[in-house]
1. Which one of these is in contact with a helix residue (DSSP H, G or I) (Cβ under 6 Å, 6 or more places away or on another chain) and among the small types (Gly, Ala, Ser): 236, 195, 208?
2. Scan the range 247-268 for residues that are touching a helix residue (DSSP H, G or I) at 6+ places or on another chain (Cβ under 7 Å) and either among the aliphatic types (A, V, I, L, M) or not in a helix (DSSP H, G or I) (or both) and jot them down.
3. In this structure, does residue 278 turn out to be open to solvent by less than 20 Å² (accessible area, probe 1.4 Å) and either in contact (Cβ under 8 Å) with a residue 12 or more places away in the chain or among the hydrophobic types (A, V, I, L, M, F, W, C) (or both)?
4. Could you pull out the residue among 275, 303, 296 that is within 23 Å of the chain's Cα centre (by Cα) and in a helix (DSSP H, G or I)?
5. Search the range 242-269 for residues that are farther than 25 Å from residue 207 by Cβ and not assigned by the TED database to the domain that holds residue 190 and pair each with any residue that is open to solvent by 20 Å² or more (accessible area, probe 1.4 Å) and of a type in the set (Phe, Trp, Tyr) when their beta-carbon atoms are under 8 Å apart and the residues are at least 6 apart or on different chains.
6. Can you pull out the residues in the range 106-140 that are open to solvent by 40 Å² or more (accessible area, probe 1.4 Å), in contact with a helix residue (DSSP H, G or I) (Cβ under 6 Å, 6 or more places away or on another chain) and either of a type in the set (S, T, N, Q) or modelled with pLDDT of 95 or more (or both)?
7. Working carefully through the options 266, 253, find the one that is in contact with a strand residue (DSSP E or B) (Cβ under 6 Å, 6 or more places away or on another chain) and more than 18 Å from residue 312 (Cα to Cα).
8. Pull up the range 65-87, narrow it to residues that are farther than 11 Å from residue 133 by Cα, at pLDDT below 95 and not small (Gly, Ala, Ser), then point me to the one that is most open to solvent (accessible area, probe 1.4 Å).
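The values are calculated or read from the model by the stated rules, or taken from the named source; none is laboratory data. This one's a predicted model, so the numbers in the text were calculated from it and none came from an experiment. Heads up, the Cβs are rebuilt from the backbone with ideal geometry, glycines too, and the neighbour counts pull from every protein chain shown. Note: accessible area is taken over every heavy atom of the protein model, side chains too, but ligands, DNA and RNA are not part of it. Shrake-Rupley method; radii C 1.70, N 1.55, O 1.52, S 1.80 Å.
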Amino acid sequence: MKVESFQSPTLLRMLQLPKSQPMRNLASRSKSYELCRQITAKYSKTFYLGTLLMPEAKRRAIWAIYVWCRRTDELVDGPQAALTTPETLEHWEEHLQSIFAGHPIDDYDVALVDTLERFPIDIQPFRDMIAGQQMDLYRSRYETFDELNLYCYRVAGTVGLMSSAVLGVDNSTSKAPWDQQTNSYNPVGEAIALGIANQLTNILRDIGEDARRGRIYIPLEDMERFNYTEDDLFKGVVDDRWQELMRFQIQRARDYYTKAERGIRALSRDARWPVWSALMLYQKILNVIEHNHYDVFSQRAYVPKLRKMLSLPIAWLRAQVL
């Protein structure tokens with residue numbers, strides 16, 4: 001789904017360097033975070049806007065996580081994807097383990113290592129994301145939504161889990177003495193739901209682009225339900241069948257956004273406005289798809305900057321009262 005890449009042309013070779021080969025001097029922490037900021041700003045403008053509403057330490061950590069996730073995704077979706085093999089992803093997981101051991105290998109790693117020192121982030125969601133990229137190596141169709149849901153969890157729900165440790169939860173909501181010793185609510189399921197909602201939105205926005213690469217992410221059982229064929233999709237047919245199919249898919253994505261909303265009030269106060277903003281901005285892509293009469297083959301759905309900015313005050317109000 002990526003048009004261009006920031007990966008070094010030697011990334012795949014670098015992943016296979018012998019352990020004993022010396023590495024060059026790496027970037028400082030501030031330089032590494034700045035690199036991550038630049039990448040996030042360039043490749044995910046909507047997401048980046050949300051991060052700017054966070055305290056500095058949290059937004060820098062989110063940039064570091066985003067860059068690792070994007071690099072992982074580009075191993076199978078980037079310009080050099082044809083060179084990626086299961087062994088490449090095994091080497092990437094070894095790279096990940098080195099980061100979690102506190103040993104950065106390249107400039108981008110420096111920021112993530114520092115982030116891991118500051119926030120209690122678990123390695124498993126990172127491993128699960130790599131497993132999701134492995135699915136893209138050998139799958140170009142999903143028979144059922146259950147199959148697609150597993151894929152969405154691995155490549156996007158995991159981002160919710162990674163981010164949760166940075167965003168934090170609010171431990172001050174209960175003042176009753178008998179509640180002081182109870183564990184605060186941690187909205188893990190809602191964090192996963194937001195990641196899945198975003199991925200379903202990506203899938204719907206990028207249907208035409210994925211089709212040109214021979215991939216169909218809409219569950220085949222759903223296409224059959226609406227009597228819409230693979231051949232129709234590859235031809236970019238937009239008719240009543242397609243519109244009904246897209247309405248069904250959009251409603252499913254919105255259901256996940258609704259579930260995600262329920263968990264925002266449990267987050268730390270300084271995280272609620274950024275998360276509400278990111279959720280609302282990304283959800284608006286679905287509105288644009290509807291405005292374009294569900295034509296995702298010849299038009300790319302995007303939210304104009306002015307409309308994004310107008311959403312921020314509403315997101316702020318929701319963060320205060322919901």
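1. Details: 236 fails: in contact with a helix residue (DSSP H, G or I) (Cβ under 6 Å, 6 or more places away or on another chain); 208 fails: in contact with a helix residue (DSSP H, G or I) (Cβ under 6 Å, 6 or more places away or on another chain).
Result: 195 is the single residue among 236, 195, 208 that is in contact with a helix residue (DSSP H, G or I) (Cβ under 6 Å, 6 or more places away or on another chain) and among the small types (Gly, Ala, Ser).
2. 250, 253, 260, 262, 263, 264, 267, 268
3. On the way: open to solvent by less than 20 Å² (accessible area, probe 1.4 Å): no; either in contact (Cβ under 8 Å) with a residue 12 or more places away in the chain or among the hydrophobic types (A, V, I, L, M, F, W, C) (or both): yes.
Against the criterion (open to solvent by less than 20 Å² (accessible area, probe 1.4 Å) and either in contact (Cβ under 8 Å) with a residue 12 or more places away in the chain or among the hydrophobic types (A, V, I, L, M, F, W, C) (or both)), residue 278 does not qualify.
4. On the way: 303 fails: in a helix (DSSP H, G or I); 296 fails: in a helix (DSSP H, G or I).
Answer to the check: 275.
5. Pairs that qualify, where the first residue is farther than 25 Å from residue 207 by Cβ and not assigned by the TED database to the domain that holds residue 190 and the partner is open to solvent by 20 Å² or more (accessible area, probe 1.4 Å) and of a type in the set (Phe, Trp, Tyr): there are none.
6. If the condition is that a residue be open to solvent by 40 Å² or more (accessible area, probe 1.4 Å), in contact with a helix residue (DSSP H, G or I) (Cβ under 6 Å, 6 or more places away or on another chain) and either of a type in the set (S, T, N, Q) or modelled with pLDDT of 95 or more (or both), then 108, 134 are the ones that fit.
7. On the way: 253 fails: in contact with a strand residue (DSSP E or B) (Cβ under 6 Å, 6 or more places away or on another chain).
Within the list 266, 253, the selection yields 266.
8. Result: 83.
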